[in-house]
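K.L.:
First, the structure itself, so that you have it in front of you.
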Amino acid sequence: LLPTSIKKNLLQHGIQIFPNPTNGIIQVSFNKPLVGNLNYTITAIDGRIIQQRSLRQNANFSIDLNNENKGMYFIQFKQDENILGTTKIIVQ
């Protein structure tokens, strides 16, 4: 399990992910402006990359995980090459 401080890093950067646990669709919202290229990567607990995307701006968006198995996943946000934070997502 990830330490709570890692999730707090996302909140410090103004990134919120909800609902969590989810039935398949998660929302990502930004409370602070971010400068530079933002990327996210979702990985399964076994390390497989499920989804990866580069974002040109920090507009709110949703991620569809309906085609994934129930379980735990991790989402990591990077700005340019700096890791902003990682948190777990539970798909029910």
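K.L.:
In this structure, is SER29 among the hydroxyl-bearing types (Ser, Thr, Tyr), at negative phi, modelled with pLDDT under 95 and surrounded by 12 or more Cβ atoms within 10 Å (Cβ to Cβ)?
P.N.:
It is true that SER29 is among the hydroxyl-bearing types (Ser, Thr, Tyr), at negative phi, modelled with pLDDT under 95 and surrounded by 12 or more Cβ atoms within 10 Å (Cβ to Cβ).
K.L.:
Being more than 13 Å from VAL28 (Cα to Cα), open to solvent by less than 60 Å² (accessible area, probe 1.4 Å) and of a type in the set (S, T, N, Q) is the filter here, so list the residues in the stretch 42-62 that pass it.
P.N.:
Selection gives THR43, GLN51.
K.L.:
Only one residue in PHE74, PHE61 is touching a residue at least 24 places away in the same chain (Cβ under 8 Å) and in contact with a Lys or Arg (Cβ under 6 Å, 6 or more places away or on another chain), so which one is that?
P.N.:
Step by step, each of PHE74, PHE61 is checked, and only PHE74 is touching a residue at least 24 places away in the same chain (Cβ under 8 Å) and in contact with a Lys or Arg (Cβ under 6 Å, 6 or more places away or on another chain).
K.L.:
Specify which of the listed residues (LEU84, LEU65) is surrounded by 11 or more Cβ atoms within 10 Å (Cβ to Cβ) and in contact with a His (Cβ under 7 Å, 6 or more places away or on another chain).
P.N.:
Values: LEU65 fails: in contact with a His (Cβ under 7 Å, 6 or more places away or on another chain).
The match here is LEU84.
K.L.:
Next up: Is it the case that LYS7 is of a type outside the set (A, V, I, L, M, F, W, C), open to solvent by 90 Å² or more (accessible area, probe 1.4 Å), at pLDDT 95 or above and in contact with a strand residue (DSSP E or B) (Cβ under 8 Å, 6 or more places away or on another chain)?
P.N.:
Against the criterion (of a type outside the set (A, V, I, L, M, F, W, C), open to solvent by 90 Å² or more (accessible area, probe 1.4 Å), at pLDDT 95 or above and in contact with a strand residue (DSSP E or B) (Cβ under 8 Å, 6 or more places away or on another chain)), LYS7 does not qualify.
K.L.:
Among the residues of the stretch 55-92, which ones are under 12 Å from the mean Cα position of the chain (by Cα) and small (Gly, Ala, Ser)?
P.N.:
Once the filter is applied, which keeps residues that are under 12 Å from the mean Cα position of the chain (by Cα) and small (Gly, Ala, Ser), the stretch 55-92 yields SER62, GLY85.
K.L.:
Okay, next question. May I ask you to list the residues in the stretch 69-81 that are over 18 Å from LEU34 (Cα atoms) and surrounded by fewer than 12 Cβ atoms within 10 Å (Cβ to Cβ)?
P.N.:
ASN69, LYS70
The values are calculated or read from the model by the stated rules, or taken from the named source; none is laboratory data. Model, not experiment: these values are computed from the prediction. Neighbour counts run over all protein chains shown; Cβ positions are idealised from the backbone, glycine included. Each accessible area value is taken on the protein alone, full model and side chains, heavy atoms only, with ligands, DNA and RNA left out. Shrake-Rupley method; radii C 1.70, N 1.55, O 1.52, S 1.80 Å.
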